[in-house]
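Here the structure comes first, spelled out in structure tokens, and everything after it is commentary.
The values are calculated or read from the model by the stated rules, or taken from the named source; none is laboratory data. These figures come from a predicted structure and were not determined experimentally. With ideal geometry, Cβ positions are generated from the backbone for all residues, glycine too; neighbour counts draw on all protein chains shown.
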Amino acid sequence: MVNATETLTAAAAGTVARRESTIGEMARAYGVTPRTLRFYDERNLLRSRRVGNARYYGDVDRVRLAMILRGKQLGFTLAEIADLIGADDGAVRSEFEERLQPAQIVDQLSDLERQRREIDDAIALLKATRERRPRVEGTV
């Protein structure tokens with residue numbers, strides 16, 4: 001499976017492969033489903049070349065997909081990712097993180113920290129509930 005950071009680094013260095021990938025090849029390489037790729041195409045996040053029903057993805061699509069996956073990893077919505085990666089149809093100018101504005105970084109950190117607190121609270125509540133309940137054989 002392709003690492004999003006490695007793809008972005010390779011793109012910035014100009015070492016991205018120069019061939020098209022089918023939807024299946026692209027999905028396998030990036031650990032996503034063909035349905036995910038079609039969804040990104042429909043939202044104009046990717047711009048596959050269509051030949052009949054077949055879709056082919058080039059260098060720009062590989063870099064854009066890596067940026068999408070990196071943005072998702074950082075907790076951004078697809079709308080936010082679309083705004084950040086824009087309508088670039090040429091070579092990638094920078095990595096995803098380099099496109100973030102300082103306010104976006106602060107806001108995203110705040111959101112993720114809030115989510116972590118909520119998850120920690122939910123875990124604590126479930127652990128306390130588990131301790132109050134009688135143990136059932138075969139459960140942890």
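Worth a mention:
- In the condition set (1) touching a residue at least 24 places away in the same chain (Cβ under 8 Å); (2) under 29 Å from Arg19 (Cα atoms), Arg35 is compliant with all but (1).
- Every residue from region 56-81 that is more than 13 Å from the chain's Cα centre (by Cα) and either modelled with pLDDT of 95 or more or among the small types (Gly, Ala, Ser) (or both): Tyr56, Tyr57, Gly58
- Filter pass, Leu84 being in contact with a helix residue (DSSP H, G or I) (Cβ under 9 Å, 6 or more places away or on another chain), part of a helix (DSSP H, G or I), at pLDDT below 90 and within 19 Å of Arg43 (Cα to Cα): yes
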